[in-house]
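Written out below as structure tokens is the structure these notes cover.
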Amino acid sequence: MKLTVNLPTKSYDLLIKKGSLNDVGKWVSTIWDKRQIVLVSDENVASIYGDLVQQKIQDQGFDVSVYTIPPGETSKSLEMAEKLYEFLASKNMTRKDGIVILGGGVVGDLGGFVASTYMRGLDFLQIPTTLLAQVDSSIGGKTAVNTKWAKNLVGTFAQPDGVLIDPNTLLTLEDRRIREGLAEVVKSAAIADLELWHLLKDLENEQSALNVSEEIIYACCKVKRKVVEEDERDTGIRLILNFGHTIGHAIEQTYGYGVITHGEAVAIGMCQITKQAEKMGEMPKGTLKELEEMLSKFHLPTTLDDWQEESLFKALSHDKKTSGQSIRIILLKEIGEAKIERIQLDEMKSYLKR
């Protein structure tokens, strides 16, 4: 399966195919001419796929070095970015060279950020290996690192030259990472794809989702492509992708990056804002029940026992969707269709009530 993202500045393809990692070298050679490449991955992913990917690309005549980072959200930092800059400089990387990013969302965001800022921009390719990255973060050109003030506070918009998605990499993921990705799949269905929602309703659990992984990934990529093509810079319709994320990002920051995974936080965020919006008559009755049933089937959390309302509000005050004393939130008109609402920042406290 292939999708093309068409933007005013560039176009690139998303290739979705089981077993495609075995042809990664040929794929790179169809996009780039011979150059020096740094393969950026985390220690866990590199231990499984690093040698294969490096060798396959080298077999096509590229000079490939490998840089690995510790796994986990804490590596998505300015400190880690600086270490990667130093490595690129030690290899005398120039703007004629490129970065290949192999891994999940953390590696993808960090690697994309470094590629877009080193020497004012290197070409880069994304090879996402987690469901979360395959359906969301590797597509669309958002790169970022976290700070102590907020998640993804420092970042750029930089599009990759291509994205290679091999659903077989999901077979080596632990169950929690599969569930995390399914939170974003549920989000994609809830905001823009009723057909995908019905497909998910017919599944029994996360294992059955893996059996139709190509179909699920393709559907989510279509949703992401559509909004990115319409709104590359995230100022309009693309904001619907943030359903559950305003509260979710605040949860991650408040409780500790990696303690609650991104997908788990988004699942809780979707349910929390839906619950309060239903109470205020801003979303159809029964939406929360449908959402909770779907997430629970995939063993995702729908609430938190230790709810720190004041800390969460402080954290989301730094959210990128905040503008002055207002903030844009994403609600559902119905399952399969989202809407964007601008509210005063203080009104957000109502959506954090238990």
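The values are calculated or read from the model by the stated rules, or taken from the named source; none is laboratory data. Model, not experiment: these values are computed from the prediction. Quick reminder, even Gly has a Cβ in these numbers, built from the backbone with ideal geometry, and neighbours come from all protein chains shown.
Restricting to the stretch 25-40, and then to whatever is in contact with a strand residue (DSSP E or B) (Cβ under 9 Å, 6 or more places away or on another chain) and within 13 Å of residue 64 (Cα to Cα), can you tell me which residue is surrounded by the fewest Cβ atoms within 10 Å (Cβ to Cβ)? So the residue we want is 34.
Inspect all residues belonging to the stretch 47-67 and state whether any of them is closer than 25 Å to residue 151 by Cα and surrounded by 14 or more Cβ atoms within 10 Å (Cβ to Cβ). Working first, answer last.
Restricting attention to the stretch 47-67, the residues satisfying the condition of being closer than 25 Å to residue 151 by Cα are 67.
Next, only the ones that are surrounded by 14 or more Cβ atoms within 10 Å (Cβ to Cβ) stay: 67.
Checked against the condition, which is being closer than 25 Å to residue 151 by Cα and surrounded by 14 or more Cβ atoms within 10 Å (Cβ to Cβ), the stretch 47-67 yields at least one hit.
Restrict the check to the stretch 275-285 and report whether at least one residue is in contact with an Asp or Glu (Cβ under 7 Å, 6 or more places away or on another chain) and either in contact (Cβ under 8 Å) with a residue 60 or more places away in the chain or not assigned by TED's automatic domain parsing to the domain that holds residue 153 (or both). The answer is yes, given that some residue of the stretch 275-285 is in contact with an Asp or Glu (Cβ under 7 Å, 6 or more places away or on another chain) and either in contact (Cβ under 8 Å) with a residue 60 or more places away in the chain or not assigned by TED's automatic domain parsing to the domain that holds residue 153 (or both). Restricting to the stretch 278-321, give me the number of residues that are part of a loop (DSSP other than H, G, I, E, B) and among the basic types (Lys, Arg). Adding up the residues that qualify gives 3.
Test of understanding: among 317, 311, 296, which residue is out of contact with any helix residue (DSSP H, G or I) (no Cβ under 7 Å at 6 or more places or on another chain), surrounded by fewer than 23 Cβ atoms within 10 Å (Cβ to Cβ) and closer than 26 Å to residue 72 by Cα? Before the answer, list the steps.
Values: 317 fails: out of contact with any helix residue (DSSP H, G or I) (no Cβ under 7 Å at 6 or more places or on another chain); 311 fails: out of contact with any helix residue (DSSP H, G or I) (no Cβ under 7 Å at 6 or more places or on another chain).
Checking each option against the conditions leaves just 296.
When the test is whether a residue is at pLDDT 95 or above, not in a helix (DSSP H, G or I) and not aliphatic (A, V, I, L, M), residue 26 does not pass it.
Reported count of residues in the stretch 180-206, each being at pLDDT 95 or above, surrounded by 23 or more Cβ atoms within 10 Å (Cβ to Cβ) and among the charged types (D, E, K, R), is 2.
Restricting the stretch 2-16 to residues that are touching a residue at least 60 places away in the same chain (Cβ under 8 Å) and more than 19 Å from the chain's Cα centre (by Cα), the residue that is surrounded by the most Cβ atoms within 10 Å (Cβ to Cβ) is 7.
Among the helices (runs of 4 or more DSSP H) lying completely within the stretch 51-135, list those that include at least 3 residues that are at pLDDT 95 or above and closer than 27 Å to residue 187 by Cβ.
Fully inside the stretch 51-135 and qualifying: 105-117.
For residues in the stretch 335-354 being crowded, with 16+ Cβ neighbours inside 10 Å and small (Gly, Ala, Ser), which is farthest from residue 244 (Cα to Cα)? Only one residue fits best here, namely 336.
Could you check the stretch 162-217 and list, in sequence order, the residues that are in contact with a Lys or Arg (Cβ under 8 Å, 6 or more places away or on another chain) and assigned by TED's automatic domain parsing to the domain that holds residue 20? 165, 166, 167, 168, listed by residue number. Going residue by residue through the stretch 144-167, is there one that turns out to be crowded, with 21+ Cβ neighbours inside 10 Å and among the basic types (Lys, Arg)? Yes - at least one qualifying residue is present in the stretch 144-167.
Is it the case that the stretch 308-324 has a residue that's within 29 Å of residue 200 (Cα to Cα) and modelled with pLDDT of 90 or more? No, the stretch 308-324 contains no residue that is within 29 Å of residue 200 (Cα to Cα) and modelled with pLDDT of 90 or more. Determine if the stretch 321-331 includes at least one residue that is touching a residue at least 24 places away in the same chain (Cβ under 8 Å), among the hydroxyl-bearing types (Ser, Thr, Tyr) and assigned by TED's automatic domain parsing to the domain that holds residue 199. Checked the stretch 321-331: no residue is touching a residue at least 24 places away in the same chain (Cβ under 8 Å), among the hydroxyl-bearing types (Ser, Thr, Tyr) and assigned by TED's automatic domain parsing to the domain that holds residue 199.
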